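Q: Quick one: the structure is below, questions incoming.
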Amino acid sequence: MHLSPPPSGRRLLLAAAVAAATALVATGPVAAEPLTAQPATDRQEQYAAAAAEYGVPQSVLLGVSYLESRWDTHPGQPSTSGGYGPMHLTDAQHVLSTPASGHVDEGEDPRGDDSRPLTLDPATASAPAEDVLPQASLQTVDAAAALTGLAEETLRTDAAANIRGGAALLASYQKELGAQVGAGTDPAAWYGAVARYSGADTEDAAAAFADEVYDQLGLGATRTTDDGQRVTLAATTVTPDQSGLHKLGLRRAERPDGLECPVRLACEWIPAPYKQLSADPGDYGNHDLGNRPAQQKIEYIVIHDTEGYFGPSVNLVKDPTYLGWHYTLRSVDGYVAQHIKAKDVGWHAGNWYVNAKSIGLEHEGFAGHGTWYTEAMYRASAKLVRHLALRFQIPLDRQHIIGHDNVPGTTAGTVAGMHWDPGPYWDWSHYFDLMKAPFHSTGTPNTGLVTIDPDFATNQPAFTGCNQQPPGVPKPTPPAAPCPLRGSSAVILRTAPSATAPLVNDLGLRPNGTPDTMYISDHGARASAGQTYALADIQGDWTAIWYLNQKAWFYNPASAPTAKWANGFVVTPKAGKTTIPVYGRAYPERAAYPAGVPYQTISPLQYSLSAGQRYAVGGVLPGEYYRAVTFDGSAPGDWTVIRGENRYVQIQFGHRVMFVNLDDVQILPASVGAPA
């Protein structure tokens with residue numbers, strides 16, 4: 001998570017964006033068109049009516065809307081780039097009129113290495129105001145209002161009006177390209193208008209969005225929206241005329257050889273600096289050199305959100321005194337900036353063991369504001385992650401594709417300060433569908449494991465405190481203000497099979513043993529889609545899993561299940577061991593360290609794993625420590641991977657993954673000893 005610039009800078013830039021959008025509407029060739037009929041009530045009819053009114057092929061209108069929102073309304077709630085409704089009409093000015101558009105989580109050392117701790121002062125790590133909202137495309141609701149005669153508030157909150165506004169914008173873009181409009185026009189001729197609708201400021205990003213739309217036309221789609229409307233896009237193969245793309249006058253991004261992105265993904269190299277900051281070789285930033293995977297296997301891809309906007313986040317990663325991650329993705333169009341090569345080690349996860357074995361992706365957005373992530377960004381991210389996973393042989397599962405909120409603390413003292421992004425509103429199930437690795441049942445209740453997978457749209461936990469973000473603001477006395485009810489990947493865990501039972505306790509967050517809460521950042525009593533846990537019990541509509549050394553219950557009725565049965569392996573303490581320690585990093589034993597290299601303490605966390613409990617296995621890993629503490633590799637043992645005899649088992653212990661020593665546990669098929 002990163003910093004946003006001050007609101008005053010954003011508002012100045014927004015004023016310029018609004019003025020530009022207003023001027024475009026005032027001087028453009030398209031005038032506002034009157035409403036010609038009573039609005040339709042059926043969503044499919046609303047698309048048909050809007051397409052006919054503004055002369056847009058219905059398939060094109062449906063395809064663009066699908067790429068923006070999958071036809072969901074997200075009633076009254078903006079996306080992470082300030083877009084509203086099924087057509088993602090952007091109104092960043094309205095979004096940024098509310099306080100606190102970004103925040104810094106306090107307490108986490110992003111490097112996460114005891115041998116070279118990194119402490120950042122938020123006061124000195126601020127991004128300049130420029131490039132916060134560099135595109136007039138983030139204020140399209142103004143143009144839509146001028147074209148339709150509808151109020152901006154109506155365009156933001158009414159789905160039918162929003163669809164009309166999107167159709168009017170598409171038609172205006174088509175006319176400005178000098179192309180013909182009309183519902184009967186060939187969808188192939190609308191490629192340039194579709195590309196402009198993306199909001200991209202680079203030609204490859206606009207083309208990538210348009211390509212996705214036309215791919216979707218060929219595939220078709222049918223789904224039920226978040227407000228219960230059934231919408232269908234009939235599959236039609238279209239070969240688009242791409243000549244309009246070059247008329248948009250967009251910047252052509254640099255794509256040098258060696259860029260680690262899929263070919264069809266809009267991607268640019270914006271390097272993070274590796275720079276010595278003083279005469280001291282240990283004073284440098286903002287990442288470390290490495291030789292992965294030749295020297296050390298890449299095990300994880302870590303999903304973050306930026307807690308700020310794309311422009312300032314990229315400005316921060318270009319600061320040698322700040323920290324570095326591998327990629328940043330933009331919300332409005334899915335555009336990708338690569339900053340660090342995969343061979344090198346970013347400072348992003350707050351745990352050096354994970355940093356040394358991971359690639360970090362930052363997504364423009366906010367974990368706790370109740371906003372939604374765009375389909376364009378989900379698709380770009382899924383393509384990138386699948387590409388990287390195949391290249392580096394990383395399994396496409398939630399043991400290896402993890403959120404920052406799944407990364408464990410390094411020691412007991414760091415657990416409470418670990419970050420919790422991308423948060424409960426990230427749609428993990430849809431994300432893995434896009435990666436062609438969907439969550440599916442692989443077992444029965446007798447096979448001993450469950451994979452969390454609630455229906456995202458209808459699973460709407462009653463979180464609180466979204467209005468109290470950033471976390472630096474003092475938390476209110478409970479009850480905090482309710483968050484907007486909206487889809488979530490998280491299921492809530494309780495101490496007993498009852499909706500009135502207290503939530504379970506996470507000792508790392510609440511060492512006094514009190515229950516965790518529904519406060520948005522208090523994620524110690526949640527499990528998330530795709531995470532697999534060992535089954536502990538079943539009572540009626542409730543299922544219990546082993547979680548942080550206790551039974552944790554979640555509602556899982558057969559009529560609307562929130563989990564799938566799974567097969568695999570579990571660990572349990574070896575016979576004779578009452579409890580065993582749990583670790584946040586898998587480091588080698590003292591004897592493995594060569595002379596001159598300080599021993600990295602194997603320090604257990606505040607949790608323990610008790611006899612009789614079982615936890616799902618995520619893999620068996622060697623004890624490793626990547627030594628990197630100087631700019632030039634001059635310290636003893638620098639730029640080497642230290643390995644010992646220790647081996648560890650990664651387990652799904654709570655919301656975060658953790659590690660146990662292989663010598664302490666027995667690995668069993670989950671079906672052996674599973675609850676009857």
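Q: Tally Lys and Arg at +1 and Asp and Glu at -1 over the other residues with C-beta under 12 Å from the C-beta of HIS339: what net charge comes out?
A: That works out to -3.
Q: Would you mind working out the accessible area per residue for region 333-382, using a 1.4 Å probe, and quoting it in Å²?
A: Accessible area per residue, region 333-382: 8 Å².
Q: Which residue, GLY258, VAL450, LEU361, has the largest displacement toward the positive end of the dipole of the chain when charges sit on each Cβ (Lys, Arg +1; Asp, Glu -1)?
A: Among GLY258, VAL450, LEU361, the one farthest towards the positive end of the dipole of the chain is VAL450.
Q: A follow-up question, please. Along Cα→Cβ, 7 Å out, is where each label goes; now give me the distance between the ones at GLN242 and ALA151 in nm to one decimal.
A: 4.4 nm
Q: Here's another thing I want to ask about it. If you add up the charges near LYS551, with Lys and Arg at +1 and Asp and Glu at -1, over every other residue whose beta carbon is less than 13 angstrom from its beta carbon, what do you get?
A: +1
Q: Near LYS247, which lysines are there with a Cα under 21 Å away, not counting those fewer than 8 places off in the same chain?
A: The reachable lysines, counting only those whose Cα sits under 21 Å from LYS247, are LYS175.
Q: To continue, here is another question. Residues of region 628-650 with amide nitrogen under 15 Å from the 7 Å Cα-to-Cβ point of ALA591?
A: So the set is 643-647.
Q: Give me the distance in nm between label points sitting 7 Å out from Cα along the Cα-to-Cβ direction at THR185 and SER115, one decimal.
A: Taking the two extended label points, one gets 6.3 nm.
Q: Out of LEU535, THR495, THR517, whose Cα points farthest toward the positive end of the dipole of region 479-548 (charges: +1 Lys, Arg; -1 Asp, Glu; placed on Cβ)?
A: Of the options given, the answer is THR517.
Q: Taking volume of the Cα convex hull per residue in Å³ as the quantity of interest, determine which of (1) 257; (2) 150; (3) 203 was computed from the displayed structure.
A: Computed from these coordinates, volume of the Cα convex hull per residue in Å³ corresponds to label (2).
Q: OK, next. Determine, for each peptide in 346-352, 639-645, the mean count of other beta carbons within 10 angstrom over its residues, then list the peptides with the highest first.
A: Per-residue mean Cβ counts within 10 Å order the peptides as 346-352, 639-645.
Q: Moving to a separate point now. Check which residues have an amide H placed less than 5 Å from CYS267's amide H, if you skip close sequence neighbours.
A: HN-HN under 5 Å from CYS267: VAL336.
Q: Residues of region 208-289: accessible area per residue at 1.4 Å, in Å²?
A: I get 52 Å² per residue for region 208-289.
Q: Taking the mean number of other Cβ atoms within 10 Å as a proxy for protection, how do you rank 381-390, 74-83 from highest to lowest?
A: Final packing ranking: 74-83, 381-390.
Q: Another question, if that's okay. With +1 on each Lys and Arg Cβ and -1 on each Asp and Glu Cβ, how big is the dipole of region 503-567 about its Cα centre, in debye rounded to the nearest 20?
A: Approximately 100 debye in magnitude.
Q: Would you mind telling me the share, in percent, of accessible area of the chain contributed by carbon and sulfur at probe 1.4 angstrom?
A: 55 percent
Q: With the cut-off at 1.5 for a/c, could you classify region 144-229 from its C-alpha gyration tensor as rounded, prolate or oblate?
A: Here region 144-229 falls in the oblate category.
Q: Right, something else. Indicate the gyration tensor shape class of region 439-551 (rounded, prolate or oblate), computed on the Cα atoms with a ≥ b ≥ c the square roots of the eigenvalues: a/c under 1.5 is rounded; otherwise a/b larger than b/c is prolate and the rest oblate.
A: Since a/c reaches 1.5 and a/b is larger than b/c, the shape of region 439-551 is classed as prolate.
Q: Could you sort ASP663, ASP305 by accessible area so the largest value comes first, with the probe set to 1.4 Å?
A: The residues order as ASP663, ASP305, largest area first.
Q: Where nothing but the Cβ of Lys and Arg (+1) and of Asp and Glu (-1) is charged, how large is the charge dipole of the chain around its Cα centre, in debye to the nearest 20?
A: 1360 debye
Q: List, in order, the whole-Hz ³J(HN,Hα) value for each residue of region 443-455 obtained from phi through the Karplus relation with A = 6.51, B = -1.76, C = 1.60 and θ = phi - 60°; use x for Gly and Pro.
A: x, 9, x, 7, 8, x, 10, 10, 10, 5, 6, x, 5
Q: Which distance in Å, rounded to a whole number, links the C-alpha centroids of region 537-583 and region 306-323?
A: If you average the Cα positions of each part, the centres end up 39 Å apart.
Q: Given a Förster distance of 41 Å, report the FRET efficiency between GLU254 and ALA496 from their Cβ-Cβ distance, rounded to the nearest 0.05.
A: 0.10
Q: Show me, for region 488-499, the HN-Hα J-couplings you get by feeding each phi into the Karplus relation (A = 6.51, B = -1.76, C = 1.60, θ = phi - 60°), rounded to Hz, glycine and proline as x.
A: Going residue by residue, I get 8, 8, 8, 10, 9, 10, 10, 7, 8, x, 7, 5 Hz, with x marking Gly and Pro.
Q: What's the Cα-based Rg to Rh of region 350-393, Rh via Kirkwood?
A: 1.05
Q: What FRET efficiency, computed as 1/(1 + (r/R0)^6) with R0 = 22 Å and r the Cβ-Cβ distance, is obtained for GLN393 and LYS436, rounded to the nearest 0.05?
A: Here the calculated transfer efficiency is 0.85.
Q: Next question. Starting from the Cα of ALA676, step 7 Å along the direction of its Cβ; do the same at LYS343; then give the gap between the two resulting points in nm.
A: 5.9 nm
Q: Let me ask another. Around ALA205, with a cut-off of 10 angstrom between Cβ atoms, what is the net charge of the other residues, counting Lys and Arg +1 and Asp and Glu -1?
A: Summing Lys/Arg as +1 and Asp/Glu as -1 gives -3.
Q: Which entries in the list LYS436/LYS551; LYS297/LYS564; LYS341/LYS383; LYS297/LYS341; LYS275/LYS343; LYS341/LYS436 go over 23 Å, if you measure between the two C-alpha atoms of each?
A: LYS436/LYS551; LYS297/LYS564; LYS341/LYS436
Q: Still on this model: Show that you can apply the helix-only estimate: for the chain, add -39,500 (n - 2.57) for every DSSP H stretch of four or more residues, divide by all residues, and state [θ] at 222 nm to the nearest 500.
A: Roughly -6500 deg cm²/dmol at 222 nm, from the helical runs in the chain.
Q: Moving on to the next point. Whole number in Å², please: accessible area per residue of region 464-581, 1.4 Å probe, ligands, DNA and RNA not counted.
A: 41 Å²
The values are calculated or read from the model by the stated rules, or taken from the named source; none is laboratory data. Computed from a prediction, not measured in an experiment: that's the story for all the values here. Backbone-built Cβ (ideal geometry, glycine too); neighbour counts: all protein chains shown. Remember, those area values only see protein heavy atoms, side chains included, never the ligands or the DNA or RNA. Shrake-Rupley method; radii C 1.70, N 1.55, O 1.52, S 1.80 Å.
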